[in-house]
Amino acid sequence: MDSVAKEFGRLQKNGKFDRIIEDVDEMIKRLERVRNTIENVPRSRREELAILKSETKEWANKVNESQKEIHGSLSKYAKSLDKKFKVDIEGAYNQNAFPASSKRLLDRAIAMHLIREGEFEVADQLIKEANLDIPNELELEFMNMYRILHALERKDLGPAVEWAALKRDRLALTSSELEFDLHRLQFVHYFTYPDGSGTRLALDYARNNFSVFGERYLPEISKLMCAFVFQADVESSPYALTFLSPSAWTDVARAFTKEFCSLLGLSSESPLYLSAVAGSIALPTLLKVGSIMREKQTEWSSANELPVETLLPPSFQFHAIFVCPVSKEQTTDANPPMMMPCGHIVGKESLDRMSKGNANMKFKCPYCPNESMPHQAVRVYF
Ligand SMILES: [Zn+2]
């Protein structure tokens, strides 16, 4: 991989890229100026065009020179890639997966990805050129998200706390712990100031901010308050793990991104990114399938389904919702999914109904002959 990285580095360092862009921009400006002049003073047309002709020639030579150098580095880079990746991945390609009608969807997925990555300028250009229907408000939302994330990078929790307080009711609907987590991190941040000067700040912060969370997080808050006993030596205290976790800031930034996207009705990761990574993981299997199909001269018949199982890591497995098979209702915190000893799962309300609300009454599972009692059922978390 080293040789590929080396060539890529060389290509990136090639200063001619910027030069060409500058030259092209300059030429565009020049052309626009000439057009204006000719429009305003038609008599000057012949003279202006003659000057332009010689200028264009000179310009083309200059750009060609710069381009030659880039082309050199580019072909070296391509050669290093060819040397490293000898497999021809064409065999895994299925043209039915991308019919011409799906081009718009693909354009849309790319534009959405760019917005989510904070590449607003490029996204705008694509939306304009592909004539996509993506509301400008969405971009504004993501600009706000990046503003808050950048503040988090600077260890400034203010904007995130403000946002979470504003969305408190909606976050509560999904039992989100984000708002308290943000406050806790602020407390820990003060508490662990290297010179110990922050304990007073931490105490004041707790007094001013924790009261709202008293009901739901009392045990957590009590624990945090006990930290003051160890303030002289947090590192060797039972708090070391929680208070000095190196990933605390990235964890909270990730949780914030997830909640922010979920309130917009979007997944926390860009679907395009997930599909591309899942596709790369599946690539070796797909190549194999491709070669077997060619050998047996069969065709991939089901357009929306892969002909093989692809094992993806757990982070690629989604269980967004669970619907009780008895009541056909989506489970919630108030009506959570419950698993009976036989392994079948129903919503808690269905369980209560089947046992007539009596935790010790035996009842038959609606899906198998096993009998059990409601108190034997355990809550399932997806
Ligand atoms: Zn069962």
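Every number in this text was worked out from the coordinates using simple rules, so none of it is lab data. Computed from a prediction, not measured in an experiment: that's the story for all the values here. Here the Cβ is made from the backbone with ideal geometry for all residues, glycine too, and neighbour counts use every protein chain on show.
Tell me the mean residue ellipticity at 222 nm calculated for the chain from its helices only (DSSP H runs of n ≥ 4, each -39500 (n - 2.57), averaged over every residue, nearest 500).
On the way: 15 runs with 225 residues, N = 382.
About -19500 deg cm²/dmol.
Taking the Cβ of each residue in Ile127, Ile51 as the centre, tally the other Cβ atoms inside 10 Å and list the residues starting with the fewest. Provide the component values of the computation, followed by the final result.
Values: Ile127 20, Ile51 12.
Fewest to most other Cβ atoms nearby, the residues stand as Ile51, Ile127.
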Electrostatic dipole magnitude of the chain [Cβ: Lys, Arg +1; Asp, Glu -1; Cα centre; debye, to 20]: 720 debye
Need the list of lysines near Lys6 for cross-linking: C-alpha distance under 30 angstrom, and skip anything on the same chain fewer than eight residues off. Lys16, Lys62, Lys68, Lys76, Lys79, Lys83, Lys84, Lys86
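Arrange Arg154, Arg216 by Cβ neighbour counts within 10 Å, fewest through most, would you?
On the way: Arg154 7, Arg216 13.
So the residues, fewest neighbours to most, are Arg154, Arg216.
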Would you list Ser327, Ser80 from fewest to most Cβ contacts within 10 Å? Ser327, Ser80
Dipole of the chain, positive direction: furthest Cα of Asn61, Ile89, Ser222, with charges on the beta-carbon: Ile89
Any idea what the relative contact order of the stretch 135-263 is, in percent, if you count C-alpha pairs under 8 Å spaced at least 6 apart? 27 percent
Relative contact order (%) - the chain, alpha-carbon pairs under 8 angstrom, separation at least six: 11 percent
